Amino acid sequence: MAEAQAQQRGGYADDGPATAEGGVRFEVDGEIATITLARPEKRNAQTFATWSALARIGNSLPEQVRVVVVKGEGPSFSAGIDLRMFTPEGVPGQGSFSSAARSEGADFEQRIRQAQAGFLWLRRPEIVSVAAVRGHAIGAGFQLALACDLRIVADDVKFCMKEPALGLVPDLTGTKPLVELVGLAKAIDICLTARTVHADEAMRIGLAESVVAGGDLDDAVREKVAQLLSTNRDAAVATKRLLQGAQSRTLEEQSVAEGVEQAARIKALFG
Ligand code: ACO
């Protein structure tokens with residue numbers, strides 16, 4: 001109860017130091033939750049604490065929430081992983097890549113799985129996630145935007161999958177949605193050159209649903225959220241489930257799935 005009240009009022013996802021350290025703010029207003037990366041002075045660079053905070057939010061998301069907005073404070077959505085991870089000292093309390101390299105491979109893979117949990121829940125059928133992206137969305141920042149169902153971007157947006165330039169692969173769940181959105185050839189082009197994708201191209205290749213002037217971003221997101229909330233909740237959940245399964249099913253299988261979902265809807269509405 002106290003936790004629910006705290007969430008209604010807004011504030012950090014919980015009072016634990018790790019969440020505050022992760023620089024993530026979490027607010028709930030009725031059916032809308034807003035996650036804000038709130039370390040603008042460091043361009044919302046992300047650490048393991050950020051990803052733990054995101055995972056905790058996913059685990060304790062109030063049931064009434066239908067739409068989750070993910071945004072960044074300040075001029076950049078997120079400049080990606082905190083570059084201190086590349087130094088021998090690392091991020092205080094969270095280690096560094098050099099300490100990880102000395103540990104067992106399986107341990108590090110487990111840490112990556114934990115980090116990915118902060119991104120994966122944003123695709124749940126029960127919610128629609130909307131990234132509001134302005135300025136830089138680099139590496140982990142680009143992948144956080146890709147983890148969301150929809151991306152509404154400001155005209156100064158700069159997407160960049162920088163990992164391969166740093167000797168790494170994108171590992172925060174971003175490769176699949178990127179390929180699904182833009183196709184394999186364009187995904188190879190974007191990732192293996194680590195080039196910047198600006199607003200006009202993002203719109204053209206399907207990375208963004210809409211591009212608006214920076215000053216209009218919040219209004220554009222509010223409008224989209226209102227549209228998303230205007231449909232029947234249970235029908236929206238079932239329809240998202242259908243759409244998510246469409247690519248992996250044959251037309252025949254998808255038609256069967258549509259029938260199953262519709263029969264459940266008709267029963268719920270008229271039974
Ligand atoms: N990690 C840690 N600190 C960062 C990061 C980061 N990823 N990005 C920016 N900062 C810090 C800067 O060090 C600076 O701190 P300071 O004021 O204490 O010196 C502050 O944020 C502002 O950064 P500027 O570079 O001054 O801001 P500017 O707007 O000119 O540039 C930009 C923004 C382009 C994002 C630049 O900061 C940058 O290139 N950052 C690094 C991007 C990067 O390589 N990320 C890793 C991607 S790979 C991955 O995510 C797995």
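Summary of computed values
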quantity: Acute angle (nearest 10 degrees) that the helix 184-193 long axis makes with the longest principal axis of the chain, alpha-carbon atoms; calculated: 20 degrees
quantity: Mean residue ellipticity (222 nm) of the chain, computed from DSSP H runs ≥ 4 via -39,500 (n - 2.57), nearest 500; calculated: -14000 deg cm²/dmol
quantity: Relative contact order (percent, whole number), the chain, Cα cutoff 8 Å, 6+ residue spacing; calculated: 14 percent
quantity: Across LYS42/LYS162; LYS186/LYS240; LYS224/LYS267; LYS162/LYS224; LYS176/LYS267, pairs whose alpha-carbon gap is larger than 27 Å; calculated: LYS224/LYS267; LYS162/LYS224; LYS176/LYS267
quantity: GNM result for the chain, Cα springs below 10 Å: residue of GLY95, GLY214, GLY259 fluctuating most strongly; calculated: GLY259
quantity: Estimated FRET transfer efficiency (SER98, ASP171; beta-carbon r; R0 22 Å; 0.05); calculated: 0.80
quantity: Computed over the chain, the ratio Rg/Rh where both radii use C-alpha atoms and Rh is Kirkwood; calculated: 0.98
quantity: DSSP beta bridge pairing in the chain, given as percent antiparallel to the nearest 5; calculated: 30 percent
quantity: Packing-based exposure ordering (other Cβ within 10 Å, fewest first) of MET161, MET203, MET85; calculated: MET203, MET85, MET161
quantity: Inter-part distance where the range 40-112 and the range 171-242 are each reduced to a Cα centre, Å; calculated: 21 Å
quantity: Packing-based exposure ordering (other Cβ within 10 Å, fewest first) of LYS176, LYS162; calculated: LYS176, LYS162
quantity: Check: the range 232-271 dipole with +1 on Lys, Arg Cβ and -1 on Asp, Glu Cβ, in debye; calculated: 200 debye
quantity: Helix 251-270 vs. the chain, principal-axis angle (Cα, 0 to 90°, nearest 10); calculated: 60 degrees
quantity: Exposure proxy order (Cβ contacts within 10 Å, fewest to most) of LEU150, LEU37, LEU120, LEU144; calculated: LEU120, LEU150, LEU37, LEU144
quantity: Among THR231, THR196, THR34: highest mean-square fluctuation, GNM of the chain, C-alpha pairs under 10 Å; calculated: THR231
quantity: DSSP-assigned coil residues among GluC sites (Glu not before Pro) in the range 35-122, each with at most 11 further Cβ atoms within 10 Å; calculated: GLU63, GLU89, GLU104
quantity: Approximate spin-label separation VAL65-SER248, in nm, with each point projected 7 Å along Cα-to-Cβ; calculated: 2.4 nm
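Values quoted throughout were computed directly from the atomic coordinates according to the rules given, and no laboratory measurement underlies them. Keep in mind it's a predicted model, so treat the numbers as computed, not measured. Note: ideal-geometry Cβ built from the backbone for every residue, glycine included; neighbour counts use all protein chains shown.
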